[in-house]
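Peer 1: Just passing along the structure, written as structure tokens.
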Amino acid sequence: MAEENFITLPWRFGGTIRDSINEYRKKNNLPEPEEVKKLGPYRIRDTFLKEELGLVRELYIDESSLDYVDLFPNVTSITFNGFGVKSEDFRNILAKYPNLENLTIKCQDNISALDLSNLKKLQKLELISNNRLGSVLGLEELKALKEFTFYDNIVFHQEGKLCNFADNLLQKGAKCNLDVLYMPTMQKLGIDISNANWCESIGLGIIADKIQYTTSEIEPAVKKAKEVVAEYITEQDTDMQKFAIMYHWMCKNIKYDYGALESKNTRQVNGQRIGKTGGANGTANGLIYGHCVCEGYSKSMQMLLKLCNIPSFDISCVVEEKDLPSMNFDGKRRVHEGDHSILKVNIDGSCYYSDVTNDASRYQNNMKRNAFLLSKEDMSKRNVLVGEAGVLAAAKSISEEDFDKLMAFAEDRIIKVEHIKAVKEVEELLDVNIMQRIDYTYDNDLGVPRVIPTNASTLSKEEGEIHTRLETLYQNGDLDLKKYHRLNLEILKEYKSQISSLPKNVNDDTSFGSQEAPKKPNM
């Protein structure tokens, strides 16, 4: 066996090459050469006949395999999945393989821009979790593309262009797997997304998995996010106020799903699994079911902030065991996992870090929240942040005084909105008018205002009738106990407010008394 006919590759890289060669031989019914059989079980994974390398069609490239790329002249599929590949390496490799049919680029921190214009034969393109990928050139040149996957490229700024590109592909019947956060944009653009698929990464880096949804599976979560933003956010709110409102809403409404940890992070209700395997890590579980784990908190918050036009990013990290928050849930003492997810957000030109999971747990256990808009330095004292070494962030965390003001503002907004929602719910249930009452009408014959007697006695009687009707609905099984108590409490608050706001000279026996009658409007 002449050694000069062989070449040795690094063991790990060689293993992927041997698998690729074996697959090609099996597919094309080619025998294995005797020289290769004689290599034995150990050497066969890193030692190759030079002529064998021409059979390789798939390459898996990371930093350790860059020096060997030139050995494979007939490659049609390349996967970059590992750190250390530089922008120059990408350019050189893609230039060497203009006949590529499949290209996957995943978890590459060194690449900020891609030019794919020379890959005219590309049929499948996957761009996943490339943290600094800001732009992709030459998409319009990919006429042969049949499958396009693009998600979790967190700084990508050509979203509108990419959504229109996906629209063209969908119209041609191509398969598109897009970032969940792009759904609102595509809906706003009026794009038909019925045949699109939606993805989000879960887990750490190159070992990350994904959750994939159909449009019908994820659309309820997007709809819920839109409803929440429309209900609680106003155009007058600053970005800081919007963030505080959404943060407080998350802390109040989303529960940590410890039960899901025992069933591959799948939501369980009465012992039955619902939703996706791993779904507790995603947007759908947080916004649809109100239960998720840490990544679900971050991703749900991202969707809300997306609709508020506030940039945010899901950041993986590891919590030191001594810092794992221990809380009471469902009557049991529980501890969070070591692998963790937090949120990075850009507000008013500054980058902050927040741990929504931690603060939701603390809030629901009547403890003060302590992970709201922290500096990178302060967050790093609690978590080992992944991939954030070169990020410029706010020099200091938000002050405790500002935190208290923002949370008071957010809580006041949510209380007011939820009160109005509850009263409107009663109005619809009972077909009554509670908030939009009319204080007077006009007598067309006399041409003067005629005052309707609205006084404390009238309001108290009306309130009593509403409580009675709600109790009847509860007794009949049309309201559960929790909802019955909630609606009764909000009705009590509403009528107390209305009675306390009556004019001073209004009492149980008079209407508006000596008040000046409203002027008749011009006809």
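Each value in this text was obtained by applying a stated rule to the coordinates, not by laboratory testing. Just so you know, these numbers come straight off a predicted model, no measurement behind them. When we count neighbours, we look across all protein chains shown, and the Cβ atoms used for this are built from the backbone with ideal geometry, even at glycine.
Peer 1: Given Cα pairs under 8 Å that are at least 6 residues apart, what percent is the relative contact order of the chain?
Peer 2: Across the chain, relative contact order equals 7 percent.
Peer 1: Please sort 458-467, 242-251, 129-138 by packing, taking for each peptide the average over its residues of neighbouring beta carbons within 10 angstrom, highest first.
Peer 2: Final packing ranking: 242-251, 129-138, 458-467.
Peer 1: Evaluate Rg over Rh across the chain, taking Cα atoms for both radii and Kirkwood's formula for Rh.
Peer 2: 1.12
Peer 1: Whole-Hz ³J(HN,Hα) for each residue in the range 341-349, computed from phi via Karplus 6.51 cos²θ - 1.76 cosθ + 1.60 with θ = phi - 60°, x for glycine and proline: what do you get?
Peer 2: Result, ordered by residue: 9, 10, 10, 10, 9, 9, 10, 6, x Hz.
Peer 1: While we're looking at this one, here's another question. Using only Cα atoms and rounding to the nearest 10 degrees, what angle (0 to 90) does helix 215-232 make with the longest principal axis of the chain?
Peer 2: So the inclination is approximately 40 degrees.
Peer 1: Run the simple label-point estimate for Asn270 and Lys50 please: 7 Å along Cα→C-beta, distance reported in nm.
Peer 2: Label at Asn270, label at Lys50, 7.1 nm between them.
Peer 1: Just the number, please: percent antiparallel of the DSSP beta bridges in the chain, rounded to the nearest 5.
Peer 2: Just about 55 percent of them are antiparallel.
Peer 1: When 1/r is averaged over all different Cα pairs and the result inverted, which Kirkwood radius in Å belongs to the range 233-398? Intermediate results must be reported in sequence, preceding the final value.
Peer 2: Values: mean 1/r = 0.0622 Å⁻¹.
It works out to 16.1 Å.
Peer 1: Using alpha carbons only, how many angstrom separate the centre of the range 249-312 from the centre of the range 40-114?
Peer 2: 37 Å
Peer 1: Moving to a separate point now. With θ taken as phi - 60° and the coefficients 6.51, -1.76 and 1.60, list the Karplus ³J(HN,Hα) couplings across the range 64-80 in order, rounded to whole Hz; mark glycine and proline as x.
Peer 2: Those phi angles translate into 6, 10, 4, 6, 10, 4, 5, 7, 10, x, 10, 5, 10, 9, 10, 10, 9 Hz.
Peer 1: In 5 Å bins starting at zero, report the fraction of Cα pairs in the range 5-161 per bin as a rounded %.
Peer 2: Taking all Cα pairs of the range 5-161, the binned fractions are 2, 8, 18, 20, 18, 13, 9, 7, 3, 1, 0, 0 percent.
Peer 1: Please work out the C-alpha center-to-center distance from the range 393-423 to the range 149-193 and express it in whole Å.
Peer 2: 33 Å
Peer 1: Now, a different point. Once you have a ≥ b ≥ c as the square roots of the Cα gyration tensor eigenvalues for the range 89-212, tell me rounded if a/c is under 1.5, and otherwise prolate or oblate according to whether a/b is larger than b/c.
Peer 2: Judged from the Cα gyration tensor, the range 89-212 comes out oblate (a/c at least 1.5, b/c at or above a/b).
Peer 1: What list of ³J(HN,Hα) values in whole Hz, one per residue of the range 260-277 in order, does the Karplus curve 6.51 cos²θ - 1.76 cosθ + 1.60 (θ = phi - 60°) give from phi, with Gly and Pro shown as x?
Peer 2: For the range 260-277, the Karplus-derived couplings read 5, 4, 8, 9, 6, 6, 9, 4, 10, 10, 6, x, 9, 7, 10, x, 7, 5 Hz, x marking Gly and Pro.
Peer 1: Okay, moving on. So which trypsin sites (Lys or Arg not before Pro) in the range 344-419 are both in a DSSP loop and have at most 14 other Cβ atoms within 10 Å of their Cβ? Numbers along the way, then the final one.
Peer 2: On the way: sites: Lys344, Arg362, Lys368, Arg369, Lys376, Lys381, Arg382, Lys396, Lys405, Arg413, Lys416; in loops: Lys368, Arg369, Lys381, Arg382, Lys396.
Passing sites in the range 344-419 are Lys368, Lys381, Lys396.
Peer 1: Looking at the range 172-273, which GluC sites (Glu not before Pro) are in a loop (DSSP not H, G, I, E or B) and have at most 13 other Cβ atoms within 10 Å?
Peer 2: Filter output for the range 172-273: Glu235.
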